[in-house]
1. If we scan the range 94-107, do we find a residue that is in a helix (DSSP H, G or I), under 21 Å from residue 25 (Cβ atoms) and in contact (Cβ under 8 Å) with a residue 40 or more places away in the chain?
2. Return yes or no: is residue 121 surrounded by fewer than 15 Cβ atoms within 10 Å (Cβ to Cβ), out of contact with any Lys or Arg (no Cβ under 9 Å at 6 or more places or on another chain) and modelled with pLDDT under 95?
3. Given the options 44, 63, 22, 38, name the one that is touching a residue at least 40 places away in the same chain (Cβ under 8 Å) and of a type in the set (Val, Ile, Thr).
4. Only residues that are of a type in the set (S, T, N, Q) and under 17 Å from the mean Cα position of the chain (by Cα): list them for the range 99-131, please.
5. What number goes with the only condition from (1) within 23 Å of residue 20 (Cα to Cα); (2) surrounded by fewer than 22 Cβ atoms within 10 Å (Cβ to Cβ); (3) at pLDDT 95 or above that residue 196 does not pass?
6. What is the number of the single condition among (1) modelled with pLDDT under 95; (2) in a loop (DSSP other than H, G, I, E, B); (3) assigned by TED's automatic domain parsing to the domain that holds residue 151; (4) not charged (D, E, K, R) that residue 83 does not meet?
7. Could you please give the count of residues in the range 19-72 that are crowded, with 16+ Cβ neighbours inside 10 Å, closer than 13 Å to residue 159 by Cβ and among the aliphatic types (A, V, I, L, M)?
8. Does the range 57-77 contain any residue that is among the charged types (D, E, K, R), part of a helix (DSSP H, G or I) and in contact with a helix residue (DSSP H, G or I) (Cβ under 8 Å, 6 or more places away or on another chain)?
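The values are calculated or read from the model by the stated rules, or taken from the named source; none is laboratory data. Just so it is clear, the model here is predicted, and its values are computed rather than measured. Every residue, glycine among them, receives a Cβ derived from its backbone with ideal geometry; neighbour counts consider all protein chains shown.
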Amino acid sequence: MARGIVVTSLVDALVEDLREKVVSGELAPGTPLTELEVSTRYDVARASARAAIERLTGEKVLVRANHKTARVIALGPDDVRDIYRARTYLESEVLRRLALTRHVPEAARAANAEIAALWAEGSYGIVEPDMRFHTSLIDALGSARTSAMYHSLAFEVKLCMAQLQGRQRLSPEIIIAEHARILALIEAGDGSGAAAMLDEHLARARELLAASLGGEAGPEALVPSTALPRTS
């Protein structure tokens, strides 16, 4: 029994580290990952390396065609649009539900404050607090199944955000303002308004990312943020 626990713990550690390397870009899209490479890199048995690769393939961090070498997933414009539309459907309904009780989780406020602090330092490295902002809203609903559905998208969403923000295509100033507007609308009990702000927020990111990955941006990419003060 103890030996099984050790092996599982080791595989978990391998999976977590490799997943983070994918999100950070250290393992670029399309990079092959073999059992030999993983076992050598981490000085672990081939069986542990194989188990980690299988886990990551199951999570769609890696892809493998016809039993060939596993490679880091490479998202294209169509993938991005599908991922972002799926999260929009789920998040919009959650915002409407939260607005019924005007419940704004403190974790969402804290995450947006962290983004603001990073932006004040001139940093675009806001993927983690940005994801925490959205995840905290989902989790605030208190539905284990809804959270599980959203968390199943979490890696792909994080990867999309990392690819977009790594290109510095979307200003954190816009993100901060739109997050704050979403929270204000929830607090005011305006679920439809919060859902509309979310749709604008995610649609802009979706189309900018699709364009940065070789697609053609839709008109949403160029719509000025309604959360920012208008200039005459």
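1. Our first condition is that a residue be in a helix (DSSP H, G or I); within the range 94-107, this holds for 94-101, 106-107.
Okay, now just the ones that are also under 21 Å from residue 25 (Cβ atoms), so none.
Checking the range 94-107: not a single residue is in a helix (DSSP H, G or I), under 21 Å from residue 25 (Cβ atoms) and in contact (Cβ under 8 Å) with a residue 40 or more places away in the chain.
2. Details: surrounded by fewer than 15 Cβ atoms within 10 Å (Cβ to Cβ): yes; out of contact with any Lys or Arg (no Cβ under 9 Å at 6 or more places or on another chain): yes; modelled with pLDDT under 95: yes.
Yes; evaluated as a whole, the condition is true for this residue.
3. On the way: 44 fails: touching a residue at least 40 places away in the same chain (Cβ under 8 Å); 63 fails: touching a residue at least 40 places away in the same chain (Cβ under 8 Å); 38 fails: touching a residue at least 40 places away in the same chain (Cβ under 8 Å).
Just one listed residue meets the conditions, 22.
4. Let us first name the residues in the range 99-131 that are of a type in the set (S, T, N, Q), namely 101, 112, 123.
Passing the criteria: only 112.
5. Unmet for residue 196, out of (1) within 23 Å of residue 20 (Cα to Cα); (2) surrounded by fewer than 22 Cβ atoms within 10 Å (Cβ to Cβ); (3) at pLDDT 95 or above: (1).
6. (2)
7. Qualifying residue count for the region: 7.
8. Taking the range 57-77 first, the residues among the charged types (D, E, K, R) are 59-60, 64, 68, 71.
Checking the rest, the ones that are also part of a helix (DSSP H, G or I) come to none.
No, the range 57-77 has no match at all.
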